Protein chains: 2
Amino acid sequence: MTKPLDVIAIGNALVDVLTHAQDDFLIERKIEKGSMSLIDADQAENLYSQMGPAVEVSGGSAANTIAGIASLGGSAGFIGKVADDQLGAIFKHDITALGVEFTTKPMREGKPTGRCLVFVTPDAQRTMQTFLGSAGEVSPADIDAEQIKRAKITYFEGYLWDQPPAKEAYVKAAKIAHEAGKKTSLTLSDSFCVHRHRAEFLELVDGHVDVLFANEQEIIALYETDNFDAAVQAVRGKCDIAVITRSEKGAVIVTPDETVEVAAHPVDKVEDTTGAGDLFAAGFLYGLTQGKPLAECGKIAAICAAEIISHVGARPEADLQALVAKHL
Amino acid sequence: MTKPLDVIAIGNALVDVLTHAQDDFLIERKIEKGSMSLIDADQAENLYSQMGPAVEVSGGSAANTIAGIASLGGSAGFIGKVADDQLGAIFKHDITALGVEFTTKPMREGKPTGRCLVFVTPDAQRTMQTFLGSAGEVSPADIDAEQIKRAKITYFEGYLWDQPPAKEAYVKAAKIAHEAGKKTSLTLSDSFCVHRHRAEFLELVDGHVDVLFANEQEIIALYETDNFDAAVQAVRGKCDIAVITRSEKGAVIVTPDETVEVAAHPVDKVEDTTGAGDLFAAGFLYGLTQGKPLAECGKIAAICAAEIISHVGARPEADLQALVAKHL
């Protein structure tokens, strides 16, 4: 394949297993609401046996972003590791059905395809317990230099830092992208993830990432400030563009010399916030690769985030291209 | 296990693979809108490769009904065949998480767990292409006489008639139920299914089924009448209770000497009609086994059907017991 790509992403290839749960379910099991924690196969089996009936939808943070970009009409690729099993086939089907280039070889033996057990509480918050499975096996061998060079932006999820070979894959891809004069983009993923990898993320953000995505909690965790404004001051100038999302308060786009405020797009009813940040990043990166001004990138992003939180699951149900055309 | 059961069902153990599709998608492939057709493994693979991104939810007509009864607080059991694979584990998890007794042994080798590719068109209608897989292997050996005797009602889906061993399982279970002084119930499933098995269904309904479920198209197909009233006249007296659903026009409950009209329960927006009939049957059978009057059984049924068509997928997302308490 030789077509140019707007965005290629490296991330965890996961299938989400979504269920509704009461707060007590999380409290009894000492699971922190709103967090993403890694669990092993036995823990996943055990927790699944205690979960209510669920719905399965392809997920994975960066994969959700890529699905969003494809739904917007962007050309996109994904690098991530599934196993040669039914969940892997589901993941592969769902992303390629959107026209995404997904050529990473599945694992033939060993761990099964990873899954993320998602508990949606009555306040529409999501709490995630992830069994990485094959997803955690992504490594430098999965990085095809020619593919990276074809993309305007190479996008990474911070969750990759939880697995050393995945981090090495990031390092390899980022080097290829920058040497080819292309951009890199990173999402901090989760404030707990930031706590786990703060020193490395700080070093990365300071000059090695062109477009940074974070939410309010993540950017505060990164700079260990006690308020949002101080965190915005801290990040300004560290990367070309920092996009900080604030749920219903919208988002702030921070560049070395300007600050652009983005309003949240209205939603009738917030059903499930799973994927809100992922789809915000999708809209923003799509706008950016189409050469749109920052304010418009932010607006597209807000429309995409609004779509995803209006239903259960982190993959778009609506045609995002049509939705943006209607609301922009 | 020795607890009494309100309802035990025998049906196809399937996982639904749901996607949105335009009418043209069906027309181009000569798939009749609103129908359920059986396809083989190769056809399923081929059609799946052409489908858009999908969501996986446990399904199967009678299994959906049983899930509904359990969500209403009824005690329920299910007999159906999954394989020892990931989709089978999902099916088993989802039904047992509701407290349903599901002890049918999974197939260790051979066909994978069955799946139903569901295309939801913009009018919220569903069209189904089913690869039965292991589901089609249910047989008399899967019928446990003691379990059937514990249930007030043994419920069957008409789709079983598409596989001879499944039909034999029905015959065995119905005989056990009736000899134990218990009731049997059948849904005609689908008008295309009625066309395939009309002679047998006619014989069954005439004296061998206590509670019959059908929709308008199915009952008209069964009696080959040209209007609804004639079909109602034809079925009256053939079984204790015939429940005929008519979508937004509600339903009619027909007994040898009375006719009870049931209004449809209001829905803000119909998203996906998959499972409407299954959940109507759930509400009705739950009411009946709790000794409620027919009009109340119908009202519970209408509330359950309204819940299922307000979202994608044929398994309840809300707690039906709470919903019925609120609206009854």
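The values are calculated or read from the model by the stated rules, or taken from the named source; none is laboratory data. This structure is a prediction, so every number in the text was calculated from the model and none was measured. As a convention, Cβ positions derive from the backbone with ideal geometry for all residues, glycine included, and neighbour counts pool all protein chains shown.
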Task: A:ALA83 vs. criteria more than 23 Å from A:PHE280 (Cβ to Cβ) and within 11 Å of chain B (Cβ to nearest Cβ) - done: yes
TODO: Would you be able to tell me the number of residues in the stretch A:251-264 that are in contact with a helix residue (DSSP H, G or I) (Cβ under 6 Å, 6 or more places away or on another chain) and without any contact (Cβ under 8 Å) to a residue 12 or more places away in the chain?
DONE: 0
Open item on the list: Which of the numbered conditions does B:GLN163 fail, given that it passes all the others? Conditions: (1) within 21 Å of B:VAL7 (Cβ to Cβ); (2) of a type in the set (S, T, N, Q); (3) modelled with pLDDT under 95.
Closed with: (1)
TODO: Give the number of residues within the stretch B:89-100 that are more than 8 Å from chain A (Cβ to nearest Cβ) and closer than 14 Å to B:ALA13 by Cβ.
DONE: 5
Open item on the list: Just checking, does the stretch B:63-76 include any residue being within 14 Å of another protein chain (Cβ to nearest Cβ), in contact with a strand residue (DSSP E or B) (Cβ under 9 Å, 6 or more places away or on another chain) and within 24 Å of A:ALA44 (Cα to Cα)?
Closed with: yes
Open item on the list: Restricting to the stretch A:199-219, count the residues that are over 18 Å from A:LYS33 (Cα atoms), outside any loop (DSSP other than H, G, I, E, B) and in contact with an Asp or Glu (Cβ under 8 Å, 6 or more places away or on another chain).
Closed with: 1
Open item on the list: Among the residues in the stretch A:269-289, are any β-branched (Val, Ile, Thr), under 30 Å from B:ASP272 (Cα atoms) and surrounded by 21 or more Cβ atoms within 10 Å (Cβ to Cβ)?
Closed with: yes
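Going by the conditions given, is B:TYR170 within 20 Å of B:SER134 (Cα to Cα), part of a helix (DSSP H, G or I) and within 14 Å of the chain's Cα centre (by Cα)?
Considered against the rule, which asks whether it is within 20 Å of B:SER134 (Cα to Cα), part of a helix (DSSP H, G or I) and within 14 Å of the chain's Cα centre (by Cα), B:TYR170 comes out as no.
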Task: Residue under evaluation B:ILE253, criteria (1) more than 14 Å from chain A (Cβ to nearest Cβ); (2) closer than 24 Å to B:ARG150 by Cα, criterion not met - done: (2)
Task: Considering residues of the stretch B:308-328 that are within 15 Å of B:PHE280 (Cβ to Cβ) and in contact with a Leu (Cβ under 8 Å, 6 or more places away or on another chain) only, the residue farthest from the other protein chains (Cβ to nearest Cβ) - done: B:VAL324
Task: Residues (out of contact with any Ser or Thr (no Cβ under 9 Å at 6 or more places or on another chain) and under 26 Å from A:PHE102 (Cβ atoms)) located in the stretch A:1-39 - done: A:THR2, A:VAL17
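For the stretch A:107-119, how many residues are on the phi < 0 side of the Ramachandran plot and more than 10 Å from every other protein chain (Cβ to nearest Cβ)?
Taking the stretch A:107-119 as the starting set, the residues that turn out to be on the phi < 0 side of the Ramachandran plot are A:107-109, A:111-119.
From what's left, more than 10 Å from every other protein chain (Cβ to nearest Cβ): A:107-109, A:111, A:114, A:116-119.
Total meeting the criteria: 9.
Consider the stretch A:107-136. How many of its residues are of a type in the set (S, T, N, Q) and assigned to a strand (DSSP E or B)?
Restricting attention to the stretch A:107-136, the residues satisfying the condition of being of a type in the set (S, T, N, Q) are A:113, A:121, A:125, A:127, A:129-130, A:134.
With the extra rule that they be assigned to a strand (DSSP E or B), the set shrinks to A:127, A:129-130.
Number of matching residues: 3.
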Open item on the list: Of the residues A:ALA135, A:ALA145, only one is of a type outside the set (Phe, Trp, Tyr) and closer than 27 Å to A:GLY207 by Cα; which?
Closed with: A:ALA145
Open item on the list: Condition first: within 20 Å of A:GLN86 (Cα to Cα) and among the polar types (S, T, N, Q). Can you find one or more residues in the stretch B:77-95 that meet it?
Closed with: yes
Task: Some residue of the stretch B:137-154 being assigned to a helix (DSSP H, G or I), touching an Asp or Glu at 6+ places or on another chain (Cβ under 6 Å) and either more than 19 Å from B:LYS81 (Cβ to Cβ) or in contact (Cβ under 8 Å) with a residue 12 or more places away in the chain (or both) - done: yes
- [ ] With the condition kept exactly as written, say whether any residue in the stretch A:296-305 is within 14 Å of chain B (Cβ to nearest Cβ), without any contact (Cβ under 8 Å) to a residue 60 or more places away in the chain and surrounded by fewer than 24 Cβ atoms within 10 Å (Cβ to Cβ).
- [x] no
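Would you check if B:VAL7 is within 21 Å of the chain's Cα centre (by Cα) and within 14 Å of chain A (Cβ to nearest Cβ)? Steps first, answer last, please.
Values: within 21 Å of the chain's Cα centre (by Cα): yes; within 14 Å of chain A (Cβ to nearest Cβ): no.
So B:VAL7 does not fit the description; no.
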Task: Among (1) within 13 Å of chain A (Cβ to nearest Cβ); (2) of a type outside the set (Phe, Trp, Tyr); (3) part of a loop (DSSP other than H, G, I, E, B); (4) more than 22 Å from B:GLU307 (Cα to Cα), the one test that B:THR104 misses - done: (1)
Task: Matching residues in the stretch A:202-238 - criterion: being basic (Lys, Arg) and on the phi > 0 side of the Ramachandran plot - done: none
TODO: Please list, ordered by first then second residue, the pairs with beta carbon atoms under 6 Å, 6 or more apart or interchain, first in the stretch B:16-43 and more than 12 Å from chain A (Cβ to nearest Cβ), second loosely packed, with under 15 Cβ neighbours inside 10 Å and assigned to a loop (DSSP other than H, G, I, E, B).
DONE: B:LEU26/B:LYS33
Task: Wholly enclosed strands (runs of 3 or more DSSP E) of the stretch B:229-328 bearing at least 3 residues within 21 Å of the chain's Cα centre (by Cα), within 30 Å of B:THR121 (Cα to Cα) and at pLDDT 95 or above - done: B:241-245, B:251-254
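Count, please, the residues in the stretch B:113-138 that happen to be of a type outside the set (Ser, Thr, Tyr) and under 17 Å from B:VAL57 (Cβ atoms). Working first, answer last.
The first filter runs over the stretch B:113-138 and keeps only residues of a type outside the set (Ser, Thr, Tyr), leaving B:114-120, B:122-126, B:128-129, B:131-133, B:135-138.
Cutting the leftovers down to under 17 Å from B:VAL57 (Cβ atoms) gives us B:114-120, B:124, B:126, B:128-129, B:131, B:133, B:135.
Looking only at that region, the number is 14.
Kindly indicate which of A:GLU248, A:GLU203, A:GLU179 is under 24 Å from A:GLN147 (Cβ atoms), free of Cβ contacts under 8 Å to residues at least 24 places away in the same chain and surrounded by fewer than 16 Cβ atoms within 10 Å (Cβ to Cβ). Spell out how you get there, then give the answer.
Working: A:GLU248 fails: under 24 Å from A:GLN147 (Cβ atoms); A:GLU203 fails: under 24 Å from A:GLN147 (Cβ atoms).
Unique residue meeting the criteria: A:GLU179.
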